[in-house]
Every structure is written in C-alpha cells, then in structure tokens.
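Single-structure report; data block below.
What follows is calculated from the coordinates using simple rules that are stated; it is not laboratory data. Since this is a predicted model, take the numbers as computed values, not measurements. Cβ atoms come from the backbone with ideal geometry, glycine included; neighbour counts cover every protein chain shown.
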Amino acid sequence: MDRFFTIAEDHIKRAMREGEFDNLPGKGKPLPKDDLAHIPEELRMAYRIMKNAGYSEEENELKREVMSIEDLIRDCEDEEERKRHQTKLNEKLLRWNQMQAKKGSNTHSSLFKNYEHRIESKFASPKKTGEF
C-alpha cells in the first residue's frame, strides 16, 4: 500500500509543479460544506458509500418508519388502531415504491425474487462442508 501512496504523491507533486491545478474551478475558495456533517463521524463513510450507491437519507428514514409501523401492527390488539397503522403503512410503502421507480429499481422482478429466495435459503440452511 505504501508503494501506491508514494506513486500517487509523486504524480500529485509533478502536477503541482507543472501547474495543472492552477486553473481549477473554485481555486482559492473554501470547500463546500459536507452534506453529511450532521452524521456522526464514525458513520459518515457508511452513509457516503450508501449515497454513492444510490441510497438516500430519505429512503433510510422511510425504511425505518415502515419497520416501526410493522412492529406496531404486529403488537396491536385493537382492530381500529391496527387499521390506522395499516393505512399509514400502505402510504409509506407507496412512497417507497415511487422512490424506487424513480431510481429505476425493480425489486419485484421474478429474477430478483429468485435471487432473493436463493440467498435466504443459504442463510436459513445449516452450512454443509465444502459449500460456500
């Protein structure tokens, strides 16, 4: 790893000497604020990776809300309250599907479902010798 660091440093120093950084946009201006500054430092890298992979904080929050509502429905004994929670859950799931459609994600395809089933069965069954 040190060799790659040294190579990168050499390239950067050469570019600086040759003035390749002199006309970059924003030169001399402060860096923009980090949009993840409100996230604890130890979690920022994970959030940044998720963001770069196409996930948003809104999706994460929506997923947490869905899981909370599902817990409420599971533990609810009053039928009227359960219906209210189910209505909220349906609204959240509709929003989730809209977000996924906007991104072009199709997690309802038969190919995805088949893959998902295979993964779940791998985790559910005990690991046999010689299998991954």
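Here is how the numbers come out for the structure above:
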item	result
Zero-based 10 Å bins, Cα pair distances in segment 57-104, whole percents	28, 48, 19, 5
Rough spin-label spacing in nm, given labels placed 7 Å along Cα→Cβ, for ILE7 and GLU57	3.7 nm
In nm, spacing of pseudo-spin labels at LYS27 and HIS117 (7 Å Cα→C-beta vector)	6.0 nm
Lys/Arg +1, Asp/Glu -1 at C-beta; segment 57-104 dipole; positive extreme among HIS85, MET99, LEU62	MET99
All-pairs alpha carbon distance profile, segment 1-102, 10 Å steps from 0, percent	12, 22, 24, 17, 11, 8, 5, 0
Chymotrypsin sites (Phe, Trp or Tyr not before Pro) within segment 20-70: DSSP coil, no more than 15 neighbouring Cβ in 10 Å	PHE21, TYR55
Cleavage-rule hits (trypsin sites (Lys or Arg not before Pro)) in segment 6-103: DSSP loop, at most 15 neighbouring Cβ within 10 angstrom	LYS27, LYS33
Sequence-separation-based contact order of segment 57-104, relative, with Cα cut under 8 Å and 6+ spacing, percent	45 percent
Listed pairs LYS63/LYS102; LYS63/LYS103; LYS51/LYS103; LYS51/LYS122; LYS63/LYS88 exceeding 21 Å between Cα atoms	LYS51/LYS122
Pair MET16, LEU72: separation of 7 Å Cα→Cβ label points (nm)	5.5 nm
Under 12 Å, Cβ to Cβ, from ALA53 - net charge with Lys/Arg +1 and Asp/Glu -1	+2
